[in-house]
Amino acid sequence: MSRGGRVLLIIHDVYQEDNIFPLGPAYIASALKASGAEVTVACQDVFHYSNEELVRRYLQNGSYDLIGVGFMAARFKETVLDLCEVINQYKGGAWLVLGAHGPSSIPEYMIKTTGADIVAIGDAEETMVDLLKCKIAGGNDISNVDGIAFRSGDGVVVNKRREPSRQLDRFPFPAWEIFPMKDYADCVGLKGMEEGGKVLAVITGRGCTNRCNFCYRMESGIRLRSINNVIEEMKILYQQYGVRHFNMQDELFISSRRRLLEFRDALKSAGLKITFNCDARVDIFDEEIAHTLAECGCVFLNFGLESSDQNVLNAMGKRTTVEQNIKAVRIAKKTGVGIGLNFLWGNIGDTEASLKSNVRLIRELNTYYHLRTIRPVTPYPGCDLYYEAIRRGLLSGPEDFFERFKNSDLLTVNFTDIPEKQFYESLFNVNKELIIDHYEHTAGDMKEANHLIEQFYNLYFKGEYKFRGARHYDRKQEKVGGRK
Ligand code: SF4
């Protein structure tokens with residue numbers, strides 16, 4: 001056995017072919033490796049290993065100290081619960097550690113429901129290293145490890161939160177060498193990127209300056225890597241892995257004009273001719289930012305516009321205006337980049353009128369880069385809307401949430417005055433309109449459009465929950481997943 005300990009990180013399946021490189025586990029793996037651990041990754045997302053195959057390949061004969069699984073709440077019932085049952089059966093003496101946004105805000109519930117030993121809350125690089133040290137020291141005393149919750153007898157102990165590191169440059173680059181890089185780099189394709197070019201994910205900062213009521217981030221504020229550190233990482237991906245398109249995974253990639261200009265200059269000095277996609281907020285977006293992004297190689301901008309109704313934007317704490325939304329998209333359109341128009345409906349203050357005006361705005365601003373439909377807002381555990389739902393008596397807690405949550409295109413909690421049946425009828429009508437509009441503008445196959453409309457119908461009215469949503473369906477237009 002490795003003196004530094006053995007860790008298995010499992011990347012659970014998401015049942016699609018366009019898998020984004022799992023940066024979180026890759027950062028954790030590099031921190032563990034730097035501490036002397038032997039780290040193995042099991043990528044169920046890429047290889048679609050069943051849990052039985054996972055047992056055969058990794059669990060049956062492996063002897064690990066820690067087994068880590070990170071996940072979002074939306075995947076809990078569908079995938080993670082069964083996975084944990086299997087891990088518990090075969091983990092031997094290992095500790096099962098859950099992490100990421102899914103379990104972080106509701107660790108007691110997660111430990112009780114899954115039988116996991118520990119939840120790592122928030123950033124987990126340092127937490128996992130500390131846990132491994134405790135484990136290989138042979139002691140079970142983890143009471144001094146910050147940022148965890150752990151099972152103790154019949155109860156759960158939640159330790160003090162770990163202060164998130166502000167010095168992100170301290171973390172070693174992701175442990176790419178232990179991941180099936182070719183599979184990740186080849187499976188995502190976006191319009192505007194070099195034909196056959198490889199795509200990988202990078203994150204230049206963690207967190208966001210805002211706090212929208214549906215966002216499940218737990219830390220406030222933004223923490224940034226230095227641009228030099230980011231460019232060094234991009235150079236390695238460019239030179240060693242042939243990456244030409246970067247998927248910027250930041251929640252807020254453009255946090256300031258100065259930083260974006262610094263990024264542009266550093267890219268030029270490094271001679272990196274790349275394309276990339278990123279998310280942007282509309283409030284600081286202007287001509288200079290749009291042109292700088294295009295100059296840097298940005299081919300796709302994802303805007304979280306969320307609503308065309310100012311009262312709804314205010315209620316969700318978006319801190320933007322409808323005018324800013326419209327202005328930002330009009331400016332971005334002039335540069336020719338692809339634009340993602342993200343709208344949610346069903347937040348506090350939403351009405352039939354706000355739904356209709358959302359559709360009008362999408363149709364007015366649409367670049368038809370990819371198919372846009374509207375989803376109901378989901379109050380994921382940890383976000384302000386989740387606690388508001390509890391306060392209003394609309395939700396009793398995590399168990400109730402997971403009982404109700406079936407699919408992110410369905411209502412989990414109704415914050416409007418609209419009866420549920422009418423809510424779905426209205427949503428169905430507007431999504432049907434948006435699908436037809438998209439296929440007409442892109443000269444798409446109307447048979448495909450009708451099939452998609454039927455899937456929405458079956459989801460809303462017949463409980464066929466397996467539907468993965470319009471964007472994964474829309475592969476031809478977006479060229480996602482078509483190259484594997
Ligand atoms: S702007 Fe985006 S990342 Fe920031 S709080 Fe809102 S939803 Fe979350």
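The values are calculated or read from the model by the stated rules, or taken from the named source; none is laboratory data. This is a predicted model, so every value here is computed, not measured. Virtual Cβ from ideal backbone geometry, glycine too; neighbours counted across all protein chains shown. In case anyone asks, the SASA skips ligands and DNA or RNA and just uses the protein heavy atoms, side chains included. Shrake-Rupley method; radii C 1.70, N 1.55, O 1.52, S 1.80 Å.
Here are some notes:
- About the Cα centre, charge dipole magnitude for segment 169-247 (Lys/Arg +1, Asp/Glu -1 at Cβ), debye: 340
- Accessible surface of Glu52 - all protein chains present, 1.4 Å probe, nearest 10 Å²: 110
- Note on the chain: helix-only mean residue ellipticity at 222 nm, from DSSP H runs of 4+ residues weighted -39500 (n - 2.57) and normalised by residue number, equals -11500 deg cm²/dmol.
- What the chain shows is 41 Å² of accessible area per residue, with the surface traced by a 1.4 Å probe over protein heavy atoms.
- Across segment 195-206, coupling constants 3J(HN,Hα) worked out from phi with the 6.51/-1.76/1.60 Karplus curve, θ = phi - 60°, read 4, x, x, 8, 10, 9, 8, 9, 10, 9, x, 10 Hz, and Gly and Pro carry x.
- Approximating the spin labels as points 7 Å out from Cα along Cα→Cβ, the Asp400-to-Gln240 distance works out to 5.0 nm.
- One Cα centroid belongs to segment 77-132, the other to segment 314-366; the line between them spans 37 Å.
- Taking a ≥ b ≥ c as the square roots of the eigenvalues of the Cα gyration tensor, segment 6-158 is classed as rounded, since a/c falls below 1.5.
- Cross-link reach is defined here as a Cα-Cα straight distance under 14 Å, omitting same-chain residues fewer than 8 places apart; for Lys334 the aspartates and glutamates meeting it are Asp286, Glu287, Glu288, Glu295.
- Around the Cα centre of the chain, unit charges on the Cβ atoms of Lys, Arg, Asp and Glu (plus for the first two, minus for the last two) sum to a dipole of about 740 debye.
- Percent carbon-and-sulfur accessible area, the chain, ignoring ligands, DNA and RNA, probe 1.4 Å: 48
- Net dipole in debye of segment 6-158 [+1 Lys, Arg Cβ; -1 Asp, Glu Cβ; about Cα centre; nearest 20]: 320
- The candidates His451, His441, arranged from most to least accessible area with a 1.4 Å probe in the full protein assembly, appear as His441, His451.
- Dipole axis of the chain (+1 Lys, Arg; -1 Asp, Glu on Cβ), positive-most option in Ile106, Asn159, Gly36: Gly36
- The translational diffusion coefficient of the chain, from Stokes-Einstein at 10 °C and 1.306 mPa s with a Kirkwood hydrodynamic radius over alpha carbon pairs, comes to 67 µm²/s.
- Built amide H within the under 5 Å cut-off of Arg161, gap 5+: Gly147
- Pairs exceeding a 18 Å alpha-carbon distance, out of Lys191/Lys327; Lys77/Lys318; Lys356/Lys432; Lys235/Lys333; Lys77/Lys462; Lys273/Lys333: Lys191/Lys327; Lys77/Lys318; Lys235/Lys333; Lys77/Lys462; Lys273/Lys333.
- Relative contact order (percent, whole number), the chain, Cα cutoff 8 Å, 6+ residue spacing: 13
- In terms of distances greater than 32 angstrom between alpha carbons, the cross-link table entries Lys406/Lys447; Lys91/Lys466; Lys135/Lys406 yield Lys135/Lys406.
- Relative contact order, whole percent, for segment 312-401 stands at 26, derived from Cα pairs under 8 Å and 6 or more residues apart.
- Percent of beta bridges antiparallel (DSSP, the chain, rounded to nearest 5): 25
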